[in-house]
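Values in this text are rule-based calculations from the coordinates and carry no lab data. Note that this is a predicted model, so its numbers are computed, not measured. For neighbour counting, all protein chains shown are included, and Cβ atoms are generated from backbone atoms with ideal geometry for every residue, glycine included.
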Amino acid sequence: MIGSSARSQIEDLIESMHRMSIGNTPFVQVEEGIFAKIEWKNRFGSIKDRPAFYMIYSLREAGDLDNRIIIEASSGNTGLAISGIARMLGLKSVIVLPENASSATKQLILSNGSELIETPAKTGTEGSIKVVNEMVSAGNYVWLNQHSNTKNSDAHYYTTAREMAEAEGKPAAIIAGIGTGGTITGIARYFKEMDPGIRIIGVQPSPGSHIHGLRNAFSSKYRGIIDRYGDLIDEIVYVNEDQAKAEIKRYYERTGDLIGISSGANLFAARTMKERYGKIFTVFPDSGEKYRDELDFLKQ
């Protein structure tokens, strides 16, 4: 339970988020028994707008951003969200991300006025985090540290999950990709309080696969959120790139909407689980527009 003062602060934060056109995204039945949050409807195009705003707002309210530069390691969407929010709030930011992040994402980060630092693709987000660690120790930076910052998970507890419940009640299972662990643990915390029997299923890339925004967080040394809340995850489903992209193609041909690669992975996992659970909630973290160069079926 939280006190009335803390609750009032959270409601003020959520109201500020909504004024920036973040949150209150559509929650739609994408096929029988599967409901998805359409998160590319957030202002900067992804589900990462929510925790980025929550983390930055909380630091600003505490006075911790005065004359300092925000820095974060990202695989793409969080960096884009931070750069856009920082620009709107008149703050400086540095985004560190692997060089194989989508070119569209990198261009948008630069257009927001952020400094962009690229790290070798082979070291993944782990390599980017290492660079941030080194820079923070030597400069006037505030590291949001999305992989360990509990505000990341809180953003989904107080907004994403609540919006789902208000729209469609409760599911039998929730399926979400695991990157930092913020999305799945925030949603899990909310719904497990509602009904501990709701099944929480995480989606991770199959060994050797690269799916933007997802990683095997349990084997990472940067897994603060997973260490704290990971026991709420009941099961893991592994999805490879081909399966995710085939789902994107199928969905695009049926609806005309181009979903992102992690969205395709979530939908693949949800469809494989549909008969077992009946009613499933998931998220579409972003659209496929940034990944057009990787989707061969669009070139045919």
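Here are a few things to note about the model shown:
- Pair-distance distribution of the range 50-143: all C-alpha pairs, bin width 10 Å, starting at 0; shares per bin in whole percent are 18, 52, 28, 2.
- Helix-only arithmetic for the chain: the sum of -39500 (n - 2.57) across DSSP H runs with n ≥ 4, divided by the residue total, places the mean residue ellipticity at 222 nm at -13500 deg cm²/dmol.
- Most mobile of Leu89, Leu110, Leu267 in a GNM of the chain (Cα contacts under 10 Å): Leu89
- Annotation: the residues Arg215, Arg7, sorted from fewest to most other C-beta atoms within 10 Å of their own C-beta, follow the order Arg7, Arg215.
- For the range 50-143: relative contact order, % (alpha-carbon pairs under 8 angstrom, 6 or more apart): 31
- Cβ crowding within 10 Å, taken as a proxy for footprinting-reagent exposure, orders Phe53, Phe44, Phe218 from fewest neighbours to most as Phe218, Phe44, Phe53.
- For the pair the range 118-161 and the range 46-82, the centres of their Cα atoms are 9 angstrom apart.
- Evaluated on the chain, the Kirkwood hydrodynamic radius is 19.1 Å, with distances taken between all distinct Cα atoms.
- Separation of alpha-carbon centers, the range 221-300 and the range 173-218, rounded to whole Å: 11
- Residue with peak Gaussian network fluctuation, the chain [Cα springs, cutoff 10 Å], from Ala270, Ala101, Ala165: Ala165
- Under 13 Å, Cβ to Cβ, from Tyr251 - net charge with Lys/Arg +1 and Asp/Glu -1: +1
- Set Lys122/Lys245; Lys130/Lys192; Lys41/Lys249; Lys170/Lys249; Lys221/Lys279 screened for pairs whose C-alpha atoms are more than 24 Å apart: Lys130/Lys192; Lys170/Lys249; Lys221/Lys279
- Shown for Met20, Met273, Met55, Met164: other C-beta atoms within 10 Å of each C-beta, ranked fewest to most, produce the order Met20, Met273, Met164, Met55.
- Neighbours of Lys92, meaning other residues whose beta-carbon lies under 11 angstrom from its beta-carbon, give a summed charge of +1 when Lys and Arg score +1 and Asp and Glu score -1.
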